1. Any residue that is under 17 Å from L137 (Cα atoms), surrounded by fewer than 21 Cβ atoms within 10 Å (Cβ to Cβ), touching a Leu at 6+ places or on another chain (Cβ under 8 Å) and modelled with pLDDT of 95 or more - is there at least one of those in region 67-80?
2. I'd like the full set of residues that are over 22 Å from Y71 (Cα atoms) and either touching a residue at least 40 places away in the same chain (Cβ under 8 Å) or buried (at least 21 other Cβ atoms within 10 Å of the Cβ) (or both), limited to region 114-142.
3. For region 25-63, which residues satisfy the criterion of being modelled with pLDDT under 95 and either part of a strand (DSSP E or B) or under 15 Å from the mean Cα position of the chain (by Cα) (or both)?
4. Pairs please, first residue from region 180-192 and within 13 Å of G87 (Cα to Cα), second anywhere and assigned to a loop (DSSP other than H, G, I, E, B) and among the charged types (D, E, K, R), Cβ atoms under 7 Å, 6+ apart in sequence or on different chains.
5. Can you find, within region 143-164, the residue that is surrounded by the fewest Cβ atoms within 10 Å (Cβ to Cβ) among those that are among the hydrophobic types (A, V, I, L, M, F, W, C) and in contact with a helix residue (DSSP H, G or I) (Cβ under 8 Å, 6 or more places away or on another chain)?
6. Looking at region 82-95, which of the residues that are closer than 17 Å to T117 by Cβ and of a type outside the set (A, V, I, L, M) is farthest from the chain's Cα centre (by Cα)?
7. For region 160-181, indicate whether the set of residues that are aromatic (F, W, Y) and not in a loop (DSSP other than H, G, I, E, B) is non-empty.
8. Could you check region 46-66 and list, in sequence order, the residues that are under 15 Å from P99 (Cα atoms) and buried (at least 17 other Cβ atoms within 10 Å of the Cβ)?
Amino acid sequence: MGRFVQLSYTLLLSALLAASPSWGQEGGAAQADKPRVHLETDVGPIVLELFPSQAPKTVDNFLKYVDDGFYNGTIFHRVIPGFVVQGGGLTYDFTRKEPRDPVVNESANGLSNKPMTVAMARHRDPDSATSQFYINLNHNQSLDAKEDQPGYTVFGRVVEGHETVIKIVEEPRGNYKQYPDAPNTPVRILNATREPTSP
């Protein structure tokens, strides 16, 4: 039954992406006002386009981690079909890497947690996000900012490698008691680099 549900979800996600052209795959080089980051993973590449106009401090924070090589060797440790794929803080043996100071919350920027958008993970404190990020697998409106409370800061989107995200979702999980949502075979970010910008 579990495999059937997972397959059904994968088909649903594919259909959702196909029906959402504004969040579809887009080729071409990065623009100076929308930098792109290439994540080479164990199951394929993912390219993120970032939104510094809407989330300047968050994008700057993320790019510093990229430039420092912090994400290299980290894993996607939390995979919840229909919700998110999260990574950017733990190594293959679940050792937590020491992050920099937290970044201020910028969730009231008009961006919503739509499918294949990228946002910062955090604790209860709205200003507690550091290195960990997640990719939305659905329109998670419950994570958006409300008038009376901050949400989770969306700062980019997946523009290439949707099939890679789906592969991560399809990985079997459940072998690790402390991290039951982690893939049984670790899916690492082998290398995270900025893509060249167009002249």
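1. Looking for residues that are under 17 Å from L137 (Cα atoms), surrounded by fewer than 21 Cβ atoms within 10 Å (Cβ to Cβ), touching a Leu at 6+ places or on another chain (Cβ under 8 Å) and modelled with pLDDT of 95 or more, one finds at least one in region 67-80, hence yes.
2. Restricting attention to region 114-142, the residues satisfying the condition of being over 22 Å from Y71 (Cα atoms) are 114-115, 124-126, 138-142.
Result: K114, P115, N138, N140.
3. Filtering region 25-63 for residues modelled with pLDDT under 95 gives 25-34.
If the condition is that a residue be modelled with pLDDT under 95 and either part of a strand (DSSP E or B) or under 15 Å from the mean Cα position of the chain (by Cα) (or both), then A30, Q31, K34 are the ones that fit.
4. P183/E171; V187/D42; V187/E171; R188/D42; L190/D42
5. V158
6. G82
7. First pass over region 160-181, keeping only residues aromatic (F, W, Y): 176, 179.
Subsequent filtering for residues that are not in a loop (DSSP other than H, G, I, E, B) retains none.
For region 160-181, residues aromatic (F, W, Y) and not in a loop (DSSP other than H, G, I, E, B): absent.
8. T58, N61, F62, Y65, V66
The values are calculated or read from the model by the stated rules, or taken from the named source; none is laboratory data. Worth saying up front: this structure is predicted, and the values here are computed from it rather than measured. When we count neighbours, we look across all protein chains shown, and the Cβ atoms used for this are built from the backbone with ideal geometry, even at glycine.
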